[in-house]
Amino acid sequence: MLQVYTGEGKGKSTAAFGLAMRAAGQGCRVRIIQFLKGNTFAGELRSAKKLGIEVFSFGRSCPHATLIKGGFMECDECAECWVSPEELTDNDRKKASMAWQLAQNTVGEGSIHILILDEVFAALELELLPYKDFLKWLESASLRMEIVLTGRNAPPEVIARAQLVSRIEKVKHPFDINGHPRRGIEY
């Protein structure tokens with residue numbers, strides 16, 4: 001099946017990681033490829049490692065990750081790990097290309113039961129992936145394994161092809177009133 005978690009609300013990646021945990025608990029091999037997210041201090045990365053879930057992160061990493069992991073500081077929202085459309089670099093493009101190549105190779109390997117492409121819709125929206133090639137790949141890939149796609153603004157063509165689509169709607173979020181990321185909740 002092809003699954004999509006999209007929308008403006010918090011919890012798309014969290015839902016995908018929850019599915020990964022469930023599948024790993026049933027003996028499935030799971031691979032998560034994160035577009036535009038660096039291998040930082042996020043709690044889900046630690047948990048996935050303990051459960052044998054493969055996670056490959058292709059984005060900018062936090063310069064303070066070690067200090068935050070160690071509990072010496074909290075995320076100060078410096079945004080150095082954030083990729084914005086106005087500040088795309090050649091390195092961002094290269095990492096997205098590497099993530100895309102790994103996704104294609106994963107399907108070719110045939111040893112993974114569930115492949116999660118986290119924030120793939122952001123990579124598509126930023127034109128870091130070839131959209132037509134992605135749609136063509138998706139057609140054959142979803143016949144071989146469970147594919148889960150996350151990110152805001154899922155394209156209508158992808159939604160039409162998916163068997164499961166969850167649109168996560170934001171009603172309220174603490175960030176709207178100057179909230180800060182919290183350990184164990186946002187990271």
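The values are calculated or read from the model by the stated rules, or taken from the named source; none is laboratory data. Computed from a prediction, not measured in an experiment: that's the story for all the values here. Glycine gets a Cβ as well: all are built from the backbone with ideal geometry, and neighbour counts include every protein chain shown. Each accessible area value is taken on the protein alone, full model and side chains, heavy atoms only, with ligands, DNA and RNA left out. Shrake-Rupley method; radii C 1.70, N 1.55, O 1.52, S 1.80 Å.
For the subset of the range 1-48 comprising residues that are assigned to a loop (DSSP other than H, G, I, E, B), closer than 23 Å to Leu143 by Cβ and out of contact with any helix residue (DSSP H, G or I) (no Cβ under 8 Å at 6 or more places or on another chain), which member is most open to solvent (accessible area, probe 1.4 Å)?
Ranking the candidates gives Gln26 first.
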Members of the range 60-108 that are surrounded by 14 or more Cβ atoms within 10 Å (Cβ to Cβ), free of Cβ contacts under 8 Å to residues at least 60 places away in the same chain and not in a helix (DSSP H, G or I): Arg60, Ser61, Cys62, His64, Cys81, Trp82, Val83, Leu88
Filtered residues of the range 152-181 (kept if of a type outside the set (S, T, N, Q), in a loop (DSSP other than H, G, I, E, B) and within 19 Å of the chain's Cα centre (by Cα)): Arg152, Ala154, Pro155, Ala162, Ile168, Glu169, Lys170, Pro181
Flag if Ser61 is under 15 Å from the mean Cα position of the chain (by Cα) and not hydrophobic (A, V, I, L, M, F, W, C): yes
Positions within the range 151-181 being free of Cβ contacts under 8 Å to residues at least 60 places away in the same chain and of a type outside the set (S, T, N, Q), in sequence order: Pro155, Pro156, Glu157, Ala160, Lys172, Pro174, Phe175, Asp176, Ile177, Gly179
